[in-house]
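Please read the structure below before turning to the comments.
The values are calculated or read from the model by the stated rules, or taken from the named source; none is laboratory data. Values in this document were obtained by computation on a predicted structure and should not be read as measured data. Here the Cβ is made from the backbone with ideal geometry for all residues, glycine too, and neighbour counts use every protein chain on show. All accessible areas refer to the heavy atoms of the entire protein, side chains included, with ligands and DNA or RNA removed. Shrake-Rupley method; radii C 1.70, N 1.55, O 1.52, S 1.80 Å.
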Number of protein chains: 2
Amino acid sequence: MSDQTRFTLNETDLPRNWYNVMADSPVPPAPVLHPATFEPVTPDFLAVLFPMDLILQEVSTERYIEIPEPVRDIYKLYRPTPLVRARRLEQMLGTPAHIYYKNESVSPAGSHKPNTAIAQAFYNKAAGTKSLTTETGAGQWGSALALACNFFGLDLEVYMVRVSYDQKPYRRIMMETYGAQVFASPTDRTNYGRSVQAKSPASPGSLGIAISEAVEVAATSDGAKKYSLGSVLNHVLMHQTVVGEEALKQMDLAGEYPQVVIGCVGGGSNFAGLAYPFLRQNLKDGQRTRLVAVEPTATPSLTKGVYTFDYGDTAKMAPIVKMHTLGHSFVPPSIHAGGLRYHGMAPSLSAFYDAGLIEAIAVPQLATFEAALTFARAEGIIPAPESAHAIRVTIDEALDAKAKGEKRVILFNLSGHGHFDLTAFQAYLRGQLEDYEYPAEAVQAAIQELPKVAVEA
Amino acid sequence: MSDQTRFTLNETDLPRNWYNVMADSPVPPAPVLHPATFEPVTPDFLAVLFPMDLILQEVSTERYIEIPEPVRDIYKLYRPTPLVRARRLEQMLGTPAHIYYKNESVSPAGSHKPNTAIAQAFYNKAAGTKSLTTETGAGQWGSALALACNFFGLDLEVYMVRVSYDQKPYRRIMMETYGAQVFASPTDRTNYGRSVQAKSPASPGSLGIAISEAVEVAATSDGAKKYSLGSVLNHVLMHQTVVGEEALKQMDLAGEYPQVVIGCVGGGSNFAGLAYPFLRQNLKDGQRTRLVAVEPTATPSLTKGVYTFDYGDTAKMAPIVKMHTLGHSFVPPSIHAGGLRYHGMAPSLSAFYDAGLIEAIAVPQLATFEAALTFARAEGIIPAPESAHAIRVTIDEALDAKAKGEKRVILFNLSGHGHFDLTAFQAYLRGQLEDYEYPAEAVQAAIQELPKVAVEA
C-alpha cells in the first residue's frame, strides 16, 4: 500500500479506448421505442437528432471503442485526472476506512461532463453538423458542451432550466464566455415552451421540459441542427468510462482495490463512468466490489420509481426507453443539486439495478450539504451539491466501518466542484435550506401518465 | 523536445525547500523602518504582528529553507501543479513560439495564494497563535488564508475591500464556507475604518485601507491576534518559489528552457514565485531568460511609480519599506483585477527592477480581457483577471515572435482561475468595461504625502 496522497498518471497513461458495458451485460437490452408509434425506433429516426457514429455507438456490443485522437488531444488538457486518498477526511472521521476520490472537478468546465461533450462535438463536427442544441439543469452539462463546441467550431443553443438560470448567473456567463447562446426554459422559442408558459406562466422549468425544447428545435430544423444529451444514453455513459479506467490504474498505484464504489446519479453518467469498469471486473472475477448509486430523496427514481417504459422528456418527443422513472410529467422539487432533477435514469443502469448488480440509496438535501461542508473543510475542495450525495454515503460507509472496526476501501467520484453553487452553501450556513419529503402524490399522479406500451422486453 | 501537452510531476517530486533569493541578491537590502520613528525596525516591533519563525525568514540570507512536513502534507492536496504546453493557443495565434503555463489555478482556493497561506498558518499555529487577521481585495488571498486557517484550526477575520465584497459575493461565501469571518472594509470595527467612513461614507475601500484595518486589529489585540499578509514581504515571496522550482523540473521534462518568464504583479508574489528560481539560474549562468512583470496601467507602480521609502498601508501603521510606489494614499481605480490594486510593490522585486534584472510592462484592462477570452477559448480555462495581464503579454510576445519568424520559448504563471470574476467577463462581452488612463494627478497628489525619510540605503 502506498503512503502517497495523490496518484497522478502521465499523459501516456490516458486510456485509448472507452469501455462499452453492453458487451458484458448479462441483461438483454430493452428496445428503444418511437414516442408516437411505440414501435422500435430505426436509425433513421434517431438520425434526426444524432450523427450516425453516435447512433452506432448507442447500439454497439463491441467491448472497446477507440477514442479518436482529436478527442484524446483535448482530454489531455485536463486528463488523466488525479486520484486522491482523502487522508484528512479519514482522520477527521477517525475511521479505519481508506477513502479515495477521483477528482473530475479539475476539467475546465468543472465536472466530468466534458468527457462526453468533447466526444459528441467531435463526432458531430466529423458528420458536418454546424449547430447543436441541448438542455442544462444547474449548468454543468451546458458549460461542458459550450466548451466542447467552442473547441470544434460548432454553434450551440442551451435551454437552461429557469430556476437555475435565475439562481446561477455565473454558469450562464461561463457558457457565454465559451460562445454559446443560453435561454431560460420554458422559452417562447418553441411550441412546447409556449404551451408550458401558457399553462403555468411562473413555471420554474425542469430538465424534462428543457430536453423537449432542445429536441424540438433540432427536430424541426430540417437537419440544420443536431441535439446533444449529457447523460442517460449508452454512448454518453460509455464516454465517461475513461474515469473508471484511469481509476483502476490509479488504485493499482495505491496498492489497494475498492470494496465500495460510490457515485451520485441523476441520469447516471458520472456513476456509470466510474463504476462500469469495476462492474466489468466484478462480472469477470465474481462480485467483489459493491457499486452504490446515490440519488436525492426529492427525485428517487431508482429507490421509489417504477421500472417500465417511459418518455425521456416531458413533451413526449424523445424516444421511449425502459428505465426506473418517476413519470415524465413529474416536476422535481427545486433542490440545489440541479443535475439530479431528472424523472428517469439511464436504461443500462436501471437494468443493472433491477438485476441486483448495483445498489441504490436516496439521501436528503440537508445531510448532503452537511457532508459537503465536512469534505470542504477536510480536503479543501468545495464539492458540487450533486457530488455531495456521493460524499454523504462515503462518510456513512466510513463511519459504519469505524463502528464495526473494519478496514474498508472506499472510492467515490468527485464529479464536480461547487464554485457556482456557493449561494446554496450560504443558504445552508444560514440555516435556510430545507429537506423535501418524497413527493409521493406528485409521483403517483405522474405515473398515471406513463405510456401504455404493450411491448415488454 | 517532448510531444506531450501536460507535464505532471509525482508527489515525490514536490520541492523540499523554498528558495530564498536574498542569498543571491546582488543588491543589498534596504532597511525596514518603523512607521513612527523612521528608525530601522526591531524584531520586537514585528513580533506584534508576526510569529518569530516568519520574522527570521524575512531577514534570512540562507539560500534554501526547508519546507516543514505538515506544510508539504497539505501542499500534496494540489501540488505539484501541472505545467501545460498551450498548443491550442499557439495554433490559434499561428506562432512559432512555444507557450507554456504553470497552472496554479488548481489549488482548492483557485490560485497560487495557498502556497504561502498554508506556511503562514503553520508557523502561527506552531507559535501558539489562536487567531489571525488579514485583508483581501478580490478575495483570492482571503479564501486561501481561510482554507489554511481551517486546516490548522485558527480563527480568521478578513477585511475585504468593499467594492469586491459587493461585486464578488461568491468569494465571501467561499471564505465563510471555510469558517472565516468576513467584513466589508472600511468597517466600523477599527479606529482607522471609522475615520475613513467619517471622511468618505461611500468609500469603495482599497487594499491599503484594508491592510490598515487588519493590522490595527492585530496590533491592538494584546497579542491575542496576529496578522498575515499575502504578498510583498520576503517570506511570502519565498513561500511561492515552490512554483518556479517545480517549473524548472517540468521545463526539463519538456526538453526546453524558457527565454521569457512572465507573471502579473500586484504585490509581486506569483511573479516572484515563478521567476526567482529562474533569476537564480540567470545570476549563476549569466542572463539567459527575460523576466517580465506585468502590471495594470491603472496601478503602474513599477513603470510609473517612484522608487523610495513608503508606508505599506494607508493608515501609516505598517512598516516603511523601500519600493516602487504610487504613494500610500493613492486609491487605485476599480479595475476588476482586484488583486493588483495596490499602491506599492515587493521591496525585493523593486530592487531587482531598479537593478535591471527584471523587466516591467503595464497593460490596460480591455486588452487583458481580450487576452483572457482568447485563452479561455483556446485552452478551456477561464483565467482570473489578474492572470490575464500575464496572458496579454504572453500573446504579444508570441505574436512578436511570429512577426520576426523566431521560435521563442515562453513560460507564464496562470496564477488563478476566474470562476468568481465571471460578472467581469459578462461586462466585457457586453461592451461595458472601460480602460482607465494612468491616474497621473492622483499619483502626483499621493506622492506629495510620501514619508520624509532621511535614510537612504
Between A:Leu399 and B:Val453, what FRET efficiency follows from the Cβ-Cβ distance if R0 is 60 Å, with the result rounded to 0.05? 0.50
Might you tell me the accessible area per residue for the stretch B:271-391, computed with a 1.4 Å probe and given in Å²? 23
Correct semi-axes for the stretch B:226-368, from √(5λ) of the alpha-carbon gyration tensor and rounded to whole Å with the largest first, are 26, 16, 14
Can you check what the Kirkwood hydrodynamic radius comes to for the stretch A:200-284, Cα pairs only, in Å to one decimal? 15.4
List, in the order given, every pair from B:Lys168/B:Lys316; A:Lys76/B:Lys249; A:Lys113/A:Lys284; A:Lys130/B:Lys402 whose Cα-Cα distance in the structure shown is over 23 Å. B:Lys168/B:Lys316; A:Lys113/A:Lys284; A:Lys130/B:Lys402
Find the percent of Cα-Cα distances in the stretch A:294-349 that exceed 14 Å, and round it to a whole number. 47
Stokes-Einstein D for the protein assembly as shown (10 °C, 1.306 mPa s, Kirkwood Rh from Cα pairs), in µm²/s, comes to 56
As a check on your grasp of the helix formula, calculate [θ] at 222 nm for the protein assembly as shown: sum -39500 (n - 2.57) over DSSP H runs of n ≥ 4, divide by the residue count, round to the nearest 500. -12000 deg cm²/dmol
Which log10 I(q)/I(0) values, to two decimals, does the stretch A:348-457 give at q = 0.20 Å⁻¹ under the Debye formula with one point per Cα? -1.15
Please give the total accessible area that chains A and B bury against each other, computed with a 1.4 Å probe and expressed in Å² to the nearest 100. 4100
If you wrap a convex hull around the alpha carbons of the stretch A:157-213, what volume per residue comes out, as a whole number of Å³? 63
Cα-Cα pairs above 33 Å in chain A: how many percent? 28
Heads up, the stretch A:1-55 by the C-alpha gyration tensor (a ≥ b ≥ c square roots of eigenvalues; a/c under 1.5 rounded, else a/b over b/c prolate, else oblate) looks prolate
So how many Å³ per residue does the convex hull of the Cα atoms of the stretch A:412-457 work out to? 193
Label distances, nm, A:Phe38 versus same residue in remaining copies, Cβ-directed 7 Å point: 9.5
Whole-number accessible area per residue in Å² for the stretch B:116-203, which is evaluated in the context of all protein chains at 1.4 Å: 31
When the scattering of the stretch A:112-189 is computed by the Debye formula from its Cα atoms alone, each counted once and equally, what is log10 I(q)/I(0) at q = 0.14, 0.16 Å⁻¹? -0.38, -0.50
Other-copy label distances relative to A:Thr423, 7 angstrom Cα-Cβ extension, nm: 1.1
Those residues of the stretch B:6-23 whose amide nitrogen sits under 17 Å from the label point placed on A:Asp73, 7 Å along Cα→Cβ: B:6
The stretch B:163-254: percent of C-alpha pairs farther apart than 15 Å? 72
Reachable aspartates and glutamates, given that their alpha-carbon falls under 14 Å from the alpha-carbon of B:Lys322 and they are not under 8 places away in the same chain: B:Glu39, B:Asp310, B:Asp313, B:Asp354, B:Glu456
Amide H contacts of A:Ser185 (H built 1.01 Å from N, under 5 Å, at least 5 apart or other chain): A:Met160, A:Val161, A:Arg162
Percent of accessible area on the stretch A:194-323 owned by carbon and sulfur, 1.4 Å probe? 52
Mind checking Rg over Rh on the stretch A:1-95, alpha carbons, Kirkwood formula for Rh? 1.16
So how far apart, in nm, are the two label points at A:Glu359 and B:Ala202 if each is 7 Å from Cα heading toward Cβ? 6.1
What's the FRET efficiency of A:Tyr257 with A:Met92 using the Cβ-Cβ distance as r and R₀ = 30 Å, to the nearest 0.05? 0.80
For Cα pairs less than 8 Å apart in space and 6+ apart in sequence, what is the mean separation divided by the residue count of the stretch B:270-326, i.e. the relative contact order in percent? 25
Give, as a single signed number, the net charge of other residues whose beta carbon lies under 14 Å from the beta carbon of A:Val215, with Lys and Arg counted +1 and Asp and Glu -1. -1
For A:Leu373, what charge total do you get from the other residues with a beta carbon under 12 Å from its beta carbon, if Lys and Arg give +1 and Asp and Glu give -1? -1
Expressed as a whole-number percentage, the relative contact order of the stretch A:115-237 with C-alpha contacts under 8 angstrom and at least six residues apart is 30
What is chain A's relative contact order, in percent, from Cα pairs under 8 angstrom and six or more apart in sequence? 20
Amide H to amide H under 5 Å from A:His98: which residues, 5+ apart in sequence or cross-chain, H placed 1.01 Å off N in plane? A:Arg408, A:Val409, A:Ile410
